[in-house]
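The values are calculated or read from the model by the stated rules, or taken from the named source; none is laboratory data. Predicted model only: the values in this text are computed from it and were never measured. For neighbour counting, all protein chains shown are included, and Cβ atoms are generated from backbone atoms with ideal geometry for every residue, glycine included. Calculation scope for accessible area: heavy atoms of the full protein, side chains included, ligands and nucleic acids excluded. Shrake-Rupley method; radii C 1.70, N 1.55, O 1.52, S 1.80 Å.
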Amino acid sequence: MTLSLLSLATGAQEVIEIDWEELGKTQPWKATEVWEPKPDKVTPGRMDLPPSDAIMLFDGTNLDAWHKPKYDYGVRMDHVQSILDYKLNHDDYSPPKWNVKDGAMIVKPGGGAIETKQAFGDCQLHIEWLAPVDPGKESQGYSNSGLFLMGLYEIQILNSYENETYANGQAGAMYKQSIPLVNASRPPGEWQSYDIVFMAPRFAEDGSLESPATITAFHNGVLIQNHFELAGPCIFIGEPEYVPHPEKMPLLLQDHGNEVRFRNIWVREL
Ligand code: MG
């Protein structure tokens, strides 16, 4: 088809045939073959099992990978710098207060956010979460939590199944920055998943931004964020602006006062 159209466009009368015998003498296709490096072999996971090279952050049994930070970000943009300074200069953590039950970890309302003990930058991440049935709750009050990449960049966790709220604050939003491409929410009471590819921002030595953080995310297997470039931290109050920070920082799960559940959390560093 392509060759015929090309012939018409150039006024040629005949379709150009490929002479495979002649090409075989020089094998020009080899010039564009790349054989090394070979990608590492990975046994793919089932829906409920992580791949073989994943770092398991929660396997249903304990909170050993997590602790409770004294402070977390997320409320005011004009507080981010001072909180960051504090966190980088103090090892101020206590054991997480969340509960583990029936293979899930459950937000303890008032118990505070939890952070991974390990820091991450560029990563692939899988997390499963469940918004419990909670009649009478609405908008941002119905099963609100959030996964904060590097503690700063939040993909919203919320019951967004027949629950109206601002579009850039619904499930799968990069909070206050990017509306999800579609609403792929399942009803409350059902397990849901996020699969994420996150690239950390890069900062020059003088603290200026070299490249923004980006995120690609799937909600229950459906693309909801397509290489979105973040404008800075995801913040409740104020316009986002980048604050320079280390290449790797802990992941954070938010306590927003609702008993959201989590399971099967794993990450692959990129
Ligand atoms: Mg939230």
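What the table shows:
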item	result
Scope the range 164-184; condition touching a Ser or Thr at 6+ places or on another chain (Cβ under 7 Å), open to solvent by 20 Å² or more (accessible area, probe 1.4 Å) and within 15 Å of the ligand (Cβ to nearest atom); matching residues	165, 168, 170
Residue selected from the range 225-248 under the condition within 14 Å of the chain's Cα centre (by Cα) and outside any loop (DSSP other than H, G, I, E, B), by the criterion nearest to residue 202 (Cα to Cα)	229
Top-ranked residue of the range 54-84 - restricted to ones that are among the acidic types (Asp, Glu) and modelled with pLDDT of 95 or more, ranked as farthest from residue 245 (Cα to Cα)	59
Residues satisfying the stated conditions in the range 185-219, i.e. within 15 Å of the chain's Cα centre (by Cα), open to solvent by less than 40 Å² (accessible area, probe 1.4 Å) and not aliphatic (A, V, I, L, M)	192, 193, 194, 198, 201, 212, 214, 216, 219
Contacts under 8 angstrom Cβ, first residue in the range 72-93 being open to solvent by 40 Å² or more (accessible area, probe 1.4 Å), partner assigned to a helix (DSSP H, G or I) and acidic (Asp, Glu), 6 or more apart	none
Any hit, the range 140-158, residues being more than 16 Å from the ligand (Cβ to nearest atom) and of a type in the set (A, V, I, L, M)	no
Condition met for residue 117 (open to solvent by 10 Å² or more (accessible area, probe 1.4 Å), charged (D, E, K, R) and within 15 Å of the ligand (Cβ to nearest atom))	no
Pairs where the first residue, in the range 118-132, is over 14 Å from residue 153 (Cα atoms) and the second is of a type in the set (Asp, Glu), C-beta under 8 Å, 6+ apart	124/195; 126/195; 130/190; 132/259
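Results for (1) without any contact (Cβ under 8 Å) to a residue 12 or more places away in the chain; (2) within 15 Å of the ligand (Cβ to nearest atom), shown as yes or no for each residue.
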| site | (1), (2) |
| --- | --- |
| 189 | no, no |
| 195 | no, no |
| 206 | yes, no |
| 257 | no, yes |
